[in-house]
1. Collect the residues in the range 62-82 that are in a helix (DSSP H, G or I) and within 16 Å of ligand 2 (Cβ to nearest atom), keeping them in residue-number order.
2. Taking only the range 209-223 into account, find how many residues are assigned to a helix (DSSP H, G or I) and either acidic (Asp, Glu) or open to solvent by less than 90 Å² (accessible area, probe 1.4 Å) (or both).
3. Of the residues that sit in the range 170-188 and are within 16 Å of ligand 1 (Cβ to nearest atom) and part of a loop (DSSP other than H, G, I, E, B), which one is farthest from the chain's Cα centre (by Cα)?
4. Out of all the residues in the range 173-188, is one or more of a type outside the set (Phe, Trp, Tyr), over 30 Å from Leu120 (Cβ atoms) and open to solvent by 10 Å² or more (accessible area, probe 1.4 Å)?
5. Out of the residues in the range 130-158 meeting the condition of being out of contact with any Ser or Thr (no Cβ under 7 Å at 6 or more places or on another chain) and of a type in the set (A, V, I, L, M, F, W, C), tell me which one is modelled with the lowest pLDDT.
6. Just checking, which of Ile235, Ile254, Ile285 is within 16 Å of ligand 2 (Cβ to nearest atom) and modelled with pLDDT under 95?
7. Does the range 51-63 hold any residues that are surrounded by 24 or more Cβ atoms within 10 Å (Cβ to Cβ) and either in contact with a Leu (Cβ under 9 Å, 6 or more places away or on another chain) or modelled with pLDDT under 95 (or both), and which are they?
Amino acid sequence: MSDIIQFIISESNSESIEDIKSILSKNIDIKILDAFYKTYFNKNKIISIFSPKGGVGKSMLAANLAIAIKKITKEKVALLDLDMQFGDISLFMNSYSERTLHDLIYNIDYVDSQQLEEYLTEHESGVKMLAAPHEYQYEKKVTKDIIEKVLCLFESYNFVLIDTSSVLNEMNLSVLENSNHILLITTLELTSIKNTMTMLNIMNKNDFLKNKIDFILNRYEKSSGITIDDLKNIIGDRKLHIIPEDKNCVIHSINSGKPITMDIKKADIYKSIMKIGESIVKSDIRGILERWKEFDERDKKAAMF
Ligand SMILES: Nc1ncnc2c1ncn2[C@@H]1O[C@H](COP(=O)(O)OP(=O)(O)O)[C@@H](O)[C@H]1O
Ligand SMILES: [Mg+2]
């Protein structure tokens, strides 16, 4: 049985998991379901972390969420730093790599998915990382075509997490369009909220984007003047995850080179990031189970005739 299915079955305390369990309990042969999952749906999920404002915690979340998803699923997880100018995922992960996105793009027409491994660094968590360029090296803009080629190379990875810069250029737009989930980060600061509203308007007009956004409220603390309800009024009924402010934990994790989701289990910030990971994995599984149900019902109908 795959670790994901095992994870779903062993979960018991979350409301949302109940639908999944009820589907599972309807005489489904877990072995068949597992095989079904592996055969049909074990393809990669691209999760991008974006914000129209810098400094809100994109890189902090991307690094820690990649480790969280790796811990939950034990599947192949990649973390791509696509912040061409100020990429700092390597610092969050405390790892250095000679080769970067710059080299990969330079050779993009000659690299296959096996050679891709030479451009990645393995973190002790098992997450494979593609580092951002060491310095700004781009005169040439990174087009949609290049981004799609890069993402294609990661096809064998089950989860691909992408840290972005805060610019809405061709590169980031194609990253977002090619993502299965977009995590849009904001804080309860007025400038961040204003940019989030602008971004939401843009996304709502784009069919490739509007149905896959979840919101992340980062650095939450009660005393900010703007409330969670204020934010909910703006984002409507879209999913909202909350990560608390925890300067000590975040600064300690960066300076000591140990990402939060590696070991700071008691902290609320650890729990909140693990919960986001679980929610992504569950929504993925839910989609798969819904499809399974359709297949199963179609099979039963076919057997009647
Ligand atoms: N939940 C949090 N609590 C406290 N500090 C945080 C939190 N999230 C991020 N930070 C701090 O905010 C700064 C910006 O985070 P970063 O992830 O680099 O933002 P971005 O990638 O969006 O520019 C970092 O120095 C980090 O220490
Ligand atoms: Mg960043």
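1. Once the filter is applied, which keeps residues that are in a helix (DSSP H, G or I) and within 16 Å of ligand 2 (Cβ to nearest atom), the range 62-82 yields Ala62, Ala63, Asn64, Leu65, Ala66.
2. Result for the range 209-223: 2.
3. Ranking the qualifying residues of the range 170-188, first place goes to Leu188.
4. Yes, the range 173-188 contains at least one residue that is of a type outside the set (Phe, Trp, Tyr), over 30 Å from Leu120 (Cβ atoms) and open to solvent by 10 Å² or more (accessible area, probe 1.4 Å).
5. Here the answer is Val142.
6. Of the residues listed, the single one that is within 16 Å of ligand 2 (Cβ to nearest atom) and modelled with pLDDT under 95 is Ile254.
7. Ser51, Lys58, Ser59, Leu61, Ala62, Ala63
The values are calculated or read from the model by the stated rules, or taken from the named source; none is laboratory data. Computed from a predicted model, the values in this text were never measured in an experiment. All Cβ positions, even for glycine, are placed from backbone atoms using ideal geometry, and neighbour counts span all protein chains on display. All accessible areas refer to the heavy atoms of the entire protein, side chains included, with ligands and DNA or RNA removed. Shrake-Rupley method; radii C 1.70, N 1.55, O 1.52, S 1.80 Å.
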